[in-house]
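See below for the structure under consideration.
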Amino acid sequence: MRQLLRSLSLGGFLLLVACGTGPGAGSLLAPLADQTTLVDEPLVVPLGIAGVDLEAEAYDPDDILQVGPVLEEANGQLALRLIPRSLVTGEAQITVKERNGSAGESFLFRVVPPYRSVAQEFDLTWDPGADQLLSTVDLDGDTLAIGTPYSASEGVDDSGAVYVYRFGAGGWELEQKLFAADLPEEHSFGAAVDVSGDLLIVGATRDHDVASNAGAAYIFERQADGWKQITKLLPPAAAGTYQGFGRAVAIAGDLAVVGAPRADSDGLTDNGQVHVYRRLNSISWVPQAILHPSDAMSEDQFGDGVATDGTTVAAVVPGVFGLSHGRALGVAYLFEPVAGTWQQIARLTPIEPQAESFGATVRIEGDTVVVGAPHRSIVDRDGEFPGAIYVFERSGEEFNKVTKLVTGSEGADSLGARLALAGDYILASIVEDEEPYLHLYKRHQGRWALVNAMAAADLGASEVGSIDLSADHAVVAATLGDGRAYLHLPR
């Protein structure tokens, strides 16, 4: 039997008529359960009936519904295909009945944004040094790393720690607490973390091995009997004390990247460096390059933020709000190996002069680079700094700005101070009317649009700290009442 579909719009209703060619009426429809799908994700609803002419009425005041055909499935039964309109959320009531019948079955069809509700709260209150708002979080798949640079480990004050969680049937469960093998005091181990598969890199900005507070970075690997420290990366002594080595870290595949934004070189002061390492074998990571921007200046603090997808390295000179030092307009630089040598392949800027603090955050995934400018101002609106997010994409050999994400809300502030990028989604922090929010953006057919604005208060939080996003999870460090915790927002 083959089913054909005619549709007729009737005001707020959409009438769907399935015209069957089969043998007359079959059994009555069984009760239909309510259905929920995510934006831009079609849904096929089995109707549990065969050989029947059906019609369906959809009450759709939110205009969320684009109706596909009634399908005959492999088992011969009918199914209704429902397609959410692009990036629109809401609900519709759908009634399916036999053609010309007086009664049918109704169900609600809801379209919701992903990462929409808190499924789990967990905290580190058993560790008095683990201040969640001062922590860093990073997600990859079902692994979450939380860096707490002021935790005590093995009785050593302020040595720092990293907590690795794994998501399973019981939610997020602590897999292991990690600390540096040499365990120095006031080490700030956990100042930055990045996890990729079974690899983890941890920054420790106050390490003294090379020079006073020069910094270090540690690489761990998940093995059959747990996470093991593989190596410790150190900066060159010539770059001075207080280099900030480990202030920003990134790892992907066989590539590790460490930012040292206060390093001195080439006669400049605090111009910054970015160190690139390549995995040689299971235990050895060797230096490949020390990166500098083509237009380096003193006080640039290049390397304050870094990111990598395993092929390309992104590193920023952060724009400085109020210009106490450095540049008002930051720059994001991209580097790749060319003929065996790491070279700068792009210099990304916001172009507009009011984008102060451009470069506060940077993320890269494939051909997409996202940069935050949380103090971007608005022309003719003095004293307002709503911020912005700039999205660049590779086209051939060039990276071009494809969009600027902004907010039209008066009283908004600091959009892009914290960013996360995963596939077609961007999660960003923002303050509206002095209340913290999270904005979720989605790329659809090449265009980015806001699909969810979540008030921290609705999540039970009064402050928002570090955030990250993966294909299946979002995690937010937050203040809850008198305590601090991590909020898990699943897809």
- Query: Quick one: in segment 380-405, which of the residues that are over 23 Å from the mean Cα position of the chain (by Cα) and at positive phi is modelled with the lowest pLDDT?
  - Reply: 380
- Query: Going by the conditions given, is residue 202 under 25 Å from residue 359 (Cα atoms), at pLDDT 95 or above and touching an Asp or Glu at 6+ places or on another chain (Cβ under 6 Å)?
  - Reply: no
- Message: Based on this model, can you work out whether residue 391 counts as assigned to a strand (DSSP E or B), crowded, with 21+ Cβ neighbours inside 10 Å and not small (Gly, Ala, Ser)?
- Response: no
- Query: Looking at 316, 274, 249, 331, which one is touching a Gly at 6+ places or on another chain (Cβ under 8 Å), of a type outside the set (S, T, N, Q) and surrounded by fewer than 24 Cβ atoms within 10 Å (Cβ to Cβ)?
  - Reply: 331
- Item | Given (1) over 30 Å from residue 453 (Cα atoms); (2) in a loop (DSSP other than H, G, I, E, B); (3) hydrophobic (A, V, I, L, M, F, W, C), number of the condition residue 88 does not satisfy | (1)
- In segment 443-469, how many residues are crowded, with 16+ Cβ neighbours inside 10 Å, of a type in the set (A, V, I, L, M) and either closer than 26 Å to residue 145 by Cα or out of contact with any strand residue (DSSP E or B) (no Cβ under 6 Å at 6 or more places or on another chain) (or both)? 7
- Message: Going through 68, 51, 22, 26 one at a time, which residue ends up being farther than 27 Å from residue 424 by Cβ, at pLDDT below 85 and open to solvent by less than 20 Å² (accessible area, probe 1.4 Å)?
- Response: 51
- Query: Does any residue of segment 427-442 turn out to be outside any strand (DSSP E or B) and buried (at least 19 other Cβ atoms within 10 Å of the Cβ)?
  - Reply: no
- Query: How many residues does segment 278-314 hold that are among the aliphatic types (A, V, I, L, M) and closer than 19 Å to residue 237 by Cα?
  - Reply: 4
- Scanning for something in contact (Cβ under 8 Å) with a residue 24 or more places away in the chain, within 21 Å of residue 449 (Cβ to Cβ) and open to solvent by 60 Å² or more (accessible area, probe 1.4 Å), does segment 93-109 turn up at least one residue? no
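The values are calculated or read from the model by the stated rules, or taken from the named source; none is laboratory data. A quick note: this is a predicted structure, and the numbers were derived from the prediction, not measured. Cβ: placed from backbone, ideal geometry, glycine included. Neighbour counts: every protein chain shown. Please note that ligands, DNA and RNA were not included when accessible areas were found on the heavy atoms of the full protein model with its side chains. Shrake-Rupley method; radii C 1.70, N 1.55, O 1.52, S 1.80 Å.
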